[in-house]
Amino acid sequence: MPLTTLSIITVRPDSRRWALARMGTVPPQLRRVPGLRFAKLLGSGFDFGLRPNLQRYGFMAEWDDEAAAERFFATHPAWQAYQQRAAELWTAYLQPLQAHGRWAGAAPFAAAAAEGATDASDGPVAVLTRASIRPLRAWSFWRAVPPVSRAVAAAPGLLAAIGLGELPIIRQATFSLWESVALMQQYAYGARHDGQHRDVVRRTRQERWYGEELFARFRVLRAEGSWDGRNPLTAVQ
C-alpha cells in the first residue's frame, strides 16, 4: 500500500546556514531514492507569515510502501545528516483519503487515495493545502493570511499547524493536524470565526489568486518524534 510521510525538521541554531544550503543540494539526491514516488523539501515561516524560520523545514514524501520509507529514514545519508544536526524531528505516517489538484504539474496522493479509500469518520486526520500564487495576487493573498492564521490557531480540535513553502511568497503550503474529521470540517465549513476561512476560499476563486493548487486529506496512522517539545498526536492517543 502506498504511504505518505510528512517530517518536520528543526535544526540546531548552529546549523541554520547548513540547512538553508541543503534546500538546493538535497532534491537532486532524492530523485535517485528507490521507492520514492514524489518528494518536496520545504522551508517554513513563523505564524504562516512572510518571516522565514531558518531552523525549521518540512519533508513531504510519497512512497511505494512503508518498507521504502523505513529504508530511507534508517539508511539514507541525506536523512542521517539531518538527524545529526537536528534539535527535533517529527514524522507523521499518513494514508491518503482524498486528493485533487496539481503540485508542480504532478498529481501526488490521488492514486493512493483512490486505491486505499476508507471511512475516516473517527481518529486524527491531516490536511495539506498547497498553491502557486500568481505574482500579481500575492499582496491580496498575504493580507488575508493573519486573520485566518489566528482563527485556525483557536479552532477546536486543532493539534498542530505549520506554514511551509518551496519559494518565498509565491509557492506556499499549509499542513494541519486535527483530532477528527468532524472538528476539521466544523472549522473549514462552519460559521465559526466570523467566516474568515470561507471568505478566503471564496476570494481565491473570484480573484484567481492561484496558478496551481492542491488539496489533500490523510488518515494519520502514527507519528514519531517531537515538534515543539512534544508529539502533537499524543493528545488523542
Exercise. Report yes if Asp228 is over 18 Å from the mean Cα position of the chain (by Cα) and either open to solvent by 50 Å² or more (accessible area, probe 1.4 Å) or at pLDDT 65 or above (or both), otherwise no.
Key: no
Quiz item: Tyr82 is checked against (1) modelled with pLDDT of 95 or more; (2) over 15 Å from Leu6 (Cα atoms) and fails just one. What number does that condition carry?
Solution: (2)
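The values are calculated or read from the model by the stated rules, or taken from the named source; none is laboratory data. Only a predicted model underlies this, so the values are computations on that prediction, with no experimental measurement involved. We work out accessible area using only protein heavy atoms, side chains counted, and drop any ligands, DNA or RNA first. Shrake-Rupley method; radii C 1.70, N 1.55, O 1.52, S 1.80 Å.
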